Amino acid sequence: MTELWLGLALLALPLAFVVLWPALRGAGTARAAARREALAALYHEQHTELRASLESGAIDRDQFETLEAEMARNLLAAEGDSGRVSGRASGRGLLIGLALVLPLAAGGLYLVSGHYEGLRLHQSLLVSQQGGMDAAAEKQLTRQLQVWTEANPDDLTSRFVLAQRLMATGDLPGAVAAYRYVAEREPQAADVKAQLAQALFFAANSKITDEVRSLVKESLSVQPNNGTALGLAGIAAFEDGDYRAARDHWQLALRQLSPDSMAAQALAAGVARAERSLAEAGGESSAKPAATAAAVADQGPAIRVSVSLADSVSAAADTPVFVYARSAESPMPLAIVRLQAGQLPAEVVLDESRAMMPGRSLATVDSVQLVARLALHGDARPAPGDWQGMIEILPEARWGEPQAIRIDHEL
């Protein structure tokens, strides 16, 4: 039922045909009865479609009631015509008019209702999910989604999808804002709060903040098996030196994943790390110094990168600097670290703990591009005026070598 209104217009055509054909042919009483049965069947079919669209959210209650009343009036008019002498010219004219006006009216209402743009956007998102878009088309789709959500502030589903796309492209401030918007309007949506906590975690340079802790607690109170929240809860516990709790959180999250997935492998490595730390502490939680998020990561692929600014480049100390690895086929970062210009020169490690999404990490590719970008406008997405440095191709065989990037090229 992807094109509801056009579908209703098409359904009106058989209705008009059933009425018109016998009328124009001068059918008798038997055909009139058959015609009324067909009209009733078509009316019920249309009414079922209309109610399904209401329940799915494609139309609102006012639109449903208006269309329902219009369908009832059309049915009564058609049945009344079927009881009259079918050869009357005025009756034929009315039926012909209905046959033309109903589909046009339904189609016109569909186009002006705003649902047509939503349908086109939904279809584009499906194409994107199937990998049928290039990088330029993906950026354009994200911009279209941003425009749509601004024009339709009550469409929380689209804003949640926008948050996911912004997260995937490295626009952490944008993702945080979009997730927060949805979470404030759906306070019981545990998964939204978990996703917001994850976005805040990455935006804070992979650190567990007080807000992250609070959101994780709220999420787990509603949805105890939420995998995203459990992963963050495990990191928080590990940083607190509570290795037993960290292990338990990660084990619970691990049970919900496919054993062959990259996320499951990373969690399994975290469980092993927590168990080793627990054993070293004599089986009890300890007050050891807080571990970083990197300590939770699998001892898998890692790239060490030194980042510096060219002498000719100047920026305020709090200007964001994004350092990330990506595949040549997709703009989505496989691992990302956020710094500030005042911290440069600096050395960062891109590894599994810096992955933005489960199943999309360094372990899934055999070569990467390394990018370091000074975002003068504060946006994770490249923009004119930003400064950047990069390594075009870095094969897996060289990942163990220290890498250096100098930010010296203006976009």
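Test L376 against the stated conditions and say whether it is outside any strand (DSSP E or B) and surrounded by 18 or more Cβ atoms within 10 Å (Cβ to Cβ).
Working: outside any strand (DSSP E or B): yes; surrounded by 18 or more Cβ atoms within 10 Å (Cβ to Cβ): yes.
Yes, satisfied.
Given the conditions (1) in a helix (DSSP H, G or I); (2) modelled with pLDDT under 85, which single one is not true for S206?
Among (1) in a helix (DSSP H, G or I); (2) modelled with pLDDT under 85, the lone unmet condition for S206 is (1).
If A236 satisfies all but one of (1) more than 23 Å from V348 (Cα to Cα); (2) at pLDDT 90 or above; (3) not basic (K, R), what's the number of the condition it fails?
(1) is the only condition that A236 fails.
So which of N205, N226 is of a type in the set (S, T, N, Q) and free of Cβ contacts under 8 Å to residues at least 60 places away in the same chain?
Working: N205 fails: free of Cβ contacts under 8 Å to residues at least 60 places away in the same chain.
Unique residue meeting the criteria: N226.
Among the residues of region 302-309, is there at least one that is within 16 Å of G170 (Cβ to Cβ) and touching a Phe, Trp or Tyr at 6+ places or on another chain (Cβ under 8 Å)? Before you say what the answer is, go through the steps one by one.
Step one: list which residues in region 302-309 are within 16 Å of G170 (Cβ to Cβ), which gives 305, 307.
Filter again for touching a Phe, Trp or Tyr at 6+ places or on another chain (Cβ under 8 Å), leaving none.
No, region 302-309 contains no residue that is within 16 Å of G170 (Cβ to Cβ) and touching a Phe, Trp or Tyr at 6+ places or on another chain (Cβ under 8 Å).
Among what's in region 253-277 and is hydrophobic (A, V, I, L, M, F, W, C) and surrounded by fewer than 19 Cβ atoms within 10 Å (Cβ to Cβ), pick the residue that is modelled with the lowest pLDDT.
Restricting attention to region 253-277, the residues satisfying the condition of being hydrophobic (A, V, I, L, M, F, W, C) are 253-254, 257, 262-264, 266-269, 271-272, 274.
Subset that is surrounded by fewer than 19 Cβ atoms within 10 Å (Cβ to Cβ): 257, 264, 268-269, 272.
Numbers: L257: 73, A264: 70, A268: 77, A269: 76, A272: 81.
Within region 253-277, the match that is modelled with the lowest pLDDT is A264.
Working only within region 337-379, note down all residues that are under 18 Å from E410 (Cβ atoms) and among the hydrophobic types (A, V, I, L, M, F, W, C). Let's see the steps before the verdict.
Keep residues of region 337-379 that are under 18 Å from E410 (Cβ atoms), which gives 341, 344, 371-379.
Across region 337-379, the qualifying residues are A341, L344, V371, A372, L374, A375, L376.
The values are calculated or read from the model by the stated rules, or taken from the named source; none is laboratory data. Remember, predicted model here, so these are calculated numbers, not experimental data. All Cβ positions, even for glycine, are placed from backbone atoms using ideal geometry, and neighbour counts span all protein chains on display.
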